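Below is one structure, written out as structure tokens, with a few remarks after it.
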């Protein structure tokens with residue numbers, strides 16, 4: 001059976017965003033080109049790992065080129081997009097595996113997103129799968145994956161830097177972390193294991 005490919009080469013937008021209040025956020029990646037929009041859901045850790053590995057990939061590509069490649073060290077200041085996800089959000093699939101590679105010939109980052117093989121919950125409650133499991137699902141470079149659908153996005157290096165910066169900002173914009181135990185603090189507070197059962201309230 002032929003695979004359905006949602007193909008975006010240099011899209012108008014490719015962003016990470018969320019739906020829902022802190023503590024109950026569902027994370028999405030959304031690609032847009034003209035009137036065409038594709039949205040896929042994924043775990044918070046997958047967003048963070050993708051952003052971090054994008055920066056590492058670009059740093060390595062720049063290093064290997066001897067500084068000759070047109071890869072900015074940081075996100076260009078003129079690439080600013082603080083707008084929310086485009087509505088309505090229609091989830092094409094929930095991401096299971098992500099591959100990330102550098103196309104040196106065209107000078108672009110290639111991101112491939114594949115659905116999970118089994119049905120998963122749609123709410124990551126600002127946490128989602130264990131970070132090690134999420135990292136295992138975020139593969140670097142070329143592997144063969146059996147899937148009937150995928151989202152393929154190609155980004156120039158400057159936009160890839162912007163995507164990574166915004167994605168990390170979205171990830172960190174959730175519930176504040178408790179300074180004592182590191183756990184997330186809900187608006188009504190949380191029972192901190194280091195406070196002998198007393199409830200700590202977010203500032």
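Laboratory data are not the source of any read-out in this text; all were calculated from the coordinates shown. Only a predicted model underlies this, so the values are computations on that prediction, with no experimental measurement involved. Cβ sites come from the backbone with ideal geometry, for glycine too, and all protein chains shown count toward neighbours.
Of the residues 106, 35, the one with the fewest other Cβ atoms within 10 Å heads the list, and the complete ranking is 35, 106.
Put in order of Cβ neighbour count within 10 Å, fewest first, the listed residues 148, 156 become 148, 156.
A Förster radius of 25 Å, combined with the Cβ-Cβ distance separating residue 173 from residue 56, puts the computed FRET efficiency at roughly 0.65. Here is the tail figure for the stretch 1-114: Cα pairs spaced more than 20 Å apart come to 48 percent of all pairs. Using R0 = 35 Å, the C-beta based FRET efficiency linking residue 77 and residue 106 works out to 0.90. Over all directions, the projected convex hull of the C-alpha atoms in the stretch 1-51 averages 5.0 nm² in area. Annotation: the residues 33, 103, sorted from fewest to most other C-beta atoms within 10 Å of their own C-beta, follow the order 103, 33.
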